[in-house]
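> This is the structure I have questions about; it appears just below.
Please treat every number below as a calculation from the coordinates, not as lab data. Please read all numbers here as calculations on a predicted model, not as lab measurements. Here Cβ is always computed from backbone atoms with ideal geometry, including for glycine, and neighbour counts include all displayed protein chains.
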Amino acid sequence: NQIGSISFNTSGNLTMTGNVNVTGTWSVTSLGGLNAGTSVVNMMGGTVTAGNTATTQAMFDNLTTTTGSTTVLSSNSFVSFNGNLTNNGSITPNNALLRMNGGGAQSITGTSLTLNALEANNVGTKTIGTAIDITDSLKISAAATIASGGNLTLKSTSALKGRIAQVA
């Protein structure tokens, strides 16, 4: 079953189970937190609309983009996931920050992608299993490890300077 669009505006925590197939917009105005689980959100195109604070970021257990789809991340948003990101479609980053926020091993796999910024938070090894170009910053917390397997490239553009940011 598919959901056109879904919005969150609560100070409470979200608990998700199973798979959710989204064809429209995943929108976060306010969200207290995400209770860790094993759910999978399948973006079948559409937009992830979120803010850039702890309570307005988009949060997922596992996030997948489906084959042939384009998922757009809203400009200057924070998109956080506790499990894995599987990119089978394409992602338009629009200056968004992608956070690997899980408390253990995580991975990014699928087709290659370009990201504005990638942040590895929390403990555990964060595996980069596909080619990723980062055009702004890579930030790694002191407890996290990045296993890139040669798949991670920092790239500068006329507007952005690919760099390793301050370690938190």
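> For region 65-136, calculate the relative contact order in percent as a whole number, restricting contacts to Cα pairs under 8 Å that are 6 or more residues apart.
Numbers: 191 pairs, mean separation 20.1, N = 72.
Once normalised by length, the contact order is 28 percent.
> Which peptide among 15-24, 114-123 comes first, and what is the full order, when sorted by highest mean count of other Cβ atoms within 10 Å?
In decreasing order of mean packing, 15-24, 114-123 become 114-123, 15-24.
> In Å, the Kirkwood hydrodynamic radius of region 18-70 over pairs of distinct alpha carbons?
11.6 Å
> Same structure, new question: Could you please tell me the mean projected area of the C-alpha convex hull for the chain, averaged over all directions and given in square nanometres to one decimal?
That works out to 8.8 nm².
> Once Rh for region 33-116 is found with the Kirkwood sum over Cα pairs, what is the Stokes-Einstein diffusion coefficient at 37 °C and 0.692 mPa s, in µm²/s?
Answer, rounded: 260 µm²/s.
> OK, next. Find the relative contact order for the chain and round it to a whole percent, using C-alpha pairs within less than 8 Å whose residues are 6+ positions apart.
Contact order relative to length: 13 percent.
> Report D for region 73-139 in µm² per second (integer): Stokes-Einstein, Kirkwood Rh on Cα pairs, 10 °C, 1.306 mPa s. Display every interim value, and only then the final one.
On the way: Rh = 11.8 Å.
Answer from the Stokes-Einstein relation: 134 µm²/s.
> Another one. Just the number: Rg to Rh for region 112-168, Cα atoms, Kirkwood Rh, two decimals.
0.96
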